[in-house]
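Since the structure comes first, as structure tokens, the remarks are kept for the end.
The values are calculated or read from the model by the stated rules, or taken from the named source; none is laboratory data. These numbers were taken from a predicted model, which means no experiment stands behind them. Because the Cβ atoms are built from the backbone with ideal geometry, glycine has one as well, and the counts that use them run over all protein chains shown.
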Amino acid sequence: MSNSNIINLSIRRGISILQSRCEHTFMIDEPSMMAECSICKQEFTLIEVFRHMESLETRWIRSYNRLVEIKQDLKKLESKVEMKNRCKCSHCGKMTKIEK
């Protein structure tokens with residue numbers, strides 16, 4: 001690959017392309033439409049690289065959405081716990097916070 005038209009592209013997390021143990025760092029040669037891992041020297045087509053990036057992005061989006069759901073669930077639980085820390089005042093009939 002010639003160095004004049006090379007773009008560095010790092011992918012450090014997730015499942016590597018073709019189940020390799022290498023955390024591929026791609027060197028992309030635009031004119032030849034090929035990418036080469038600068039670590040293991042394996043060659044890939046750009047389509048393989050983009051599919052790999054797409055799968056990583058999809059996984060990150062799913063993880064983010066799950067974190068948002070968990071955060072919402074925790075807020076609901078927090079409000080339920082807050083309600084359990086209150087009792088009805090026998091004098092005024094209002095809900096008051098229990099001091100611990």
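Looking at this structure, is residue 96 at pLDDT 85 or above, of a type in the set (S, T, N, Q) and surrounded by 10 or more Cβ atoms within 10 Å (Cβ to Cβ)?
no
Does residue 50 satisfy being over 15 Å from the mean Cα position of the chain (by Cα), among the hydrophobic types (A, V, I, L, M, F, W, C), farther than 17 Å from residue 21 by Cα and at pLDDT 85 or above?
In short, yes.
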*asked:* For a quick check of your reading of the model, give me the residue pairs whose first member lies in segment 34-50 and is β-branched (Val, Ile, Thr), whose second is surrounded by 13 or more Cβ atoms within 10 Å (Cβ to Cβ) and at pLDDT 85 or above, with beta-carbon atoms closer than 9 Å and at least 6 apart or on different chains.
replied: 45/34; 45/35; 49/28; 49/35
